């Protein structure tokens, strides 16, 4: 039987500690937390003493109000909270000016990236005593961080497995090259003729990776196995990624058959792939975006697709997706004409910002959000 050696006290548990003991798999994590719960709550064993055992369960040290908590997130929060020494209040509602008072008594809250947080909401949270916001996302474009800082609220993001987005990116590339959307549509209509479904192979192409952080580097690592040429560009100087030729952005768009975007969104990167650069792309090239919608000048992309200058696009994000993605809009008119037009095209794949969404990444996101709040409380204790 596998032996797990626990740290001296459960209060010292953190993500790095238990990963050193049991690894990263969901099965191992679930087994670990189950065993830990048994130890904390002293479930009787065959050799348990007859006298009551001294209680050593962790007293919650950090209160966290969790907003926008989906059922699958709620289960993970509830399973981790006892061992990580936190008490939770959860609501499925996104944080707003109206429900900010739910956090009264908690200095830390955890929020979803799915809804923007207005400055009025930040002020209401500040009045309720909130001093730390952990967003369950890498990006925090949905929060005015400068304003939050100015009123005494710190904003922190989380990291999660880059593999989820990297895997999804490769899937979108392959689906685009093999004309998956039109093939599925034809097959569903009982049109089995192969002529319109002929695809291309990655090994014959050059892929340009824009953004070489953790996700971009993971994409490059995967592309090496396909035997294609890889170009790379990053706004910020980084160590050269193995298996890629680093070039300037204009050179990358001119030489690439596929341009895939993995840069964070900022003033500097807004419309990084603008009309001028789209016009300089190779005839028949593809755009893949699993980063942020506003990295691409969407009207320019639509024009290039309509005119047949580009071979296609695969978009997990799009400008103006807020309030659309993650909502059930069946039978309703889309409020985003760009999205509507893109979805009509047979050579454009659109998915609702789900590249990150795997069981492994969800566990990472929830766990790291809790750990962020604990870290804040340990660094800035109540006075």
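Brief remarks on what is shown
- Ranked list, fewest to most other Cβ atoms within 10 Å of each Cβ, for 363, 371, 171: 171, 371, 363
- When only Cα pairs below 8 angstrom with a gap of at least 6 residues are kept, the range 196-272 shows a relative contact order of 38 percent.
- Efficiency of FRET between residue 191 and residue 307 - r from beta-carbon atoms, R0 25 angstrom, step 0.05: 0.45
- Ranked list, fewest to most other Cβ atoms within 10 Å of each Cβ, for 329, 315: 329, 315
- Residues in the range 297-311 reached by a label modelled at residue 182 [backbone nitrogen below 11 Å; 7 Å Cα→Cβ]: 311
- Between the range 216-268 and the range 111-169, the Cα center-to-center distance that results, in Å: 27 Å
- Modelled FRET efficiency - R0 35 Å, residue 359 with residue 144, Cβ distances, 0.05 increments: 0.65
- Unit Cα scatterers, Debye sum, the range 162-350: log10 I(q)/I(0) for q = 0.14, 0.16, 0.17 Å⁻¹: -0.77, -1.00, -1.13
- Over the range 171-212: Kirkwood hydrodynamic radius from C-alpha pairwise inverse distances, Å: 11.7 Å
- Exposure proxy ranking for 167, 364, 316, based on other Cβ atoms within 10 angstrom of each Cβ and starting from the fewest, stands as 167, 364, 316.
- Cα gyration tensor shape for the range 158-238, rounded if a/c is under 1.5, else prolate or oblate: prolate
Here, each number is a calculation from the coordinates, and none is a lab measurement. Bear in mind that the values here come from a model prediction, so they are computed numbers and not experimental data. Glycine also receives a Cβ, built like all others from the backbone with ideal geometry; neighbour counts cover every protein chain displayed.
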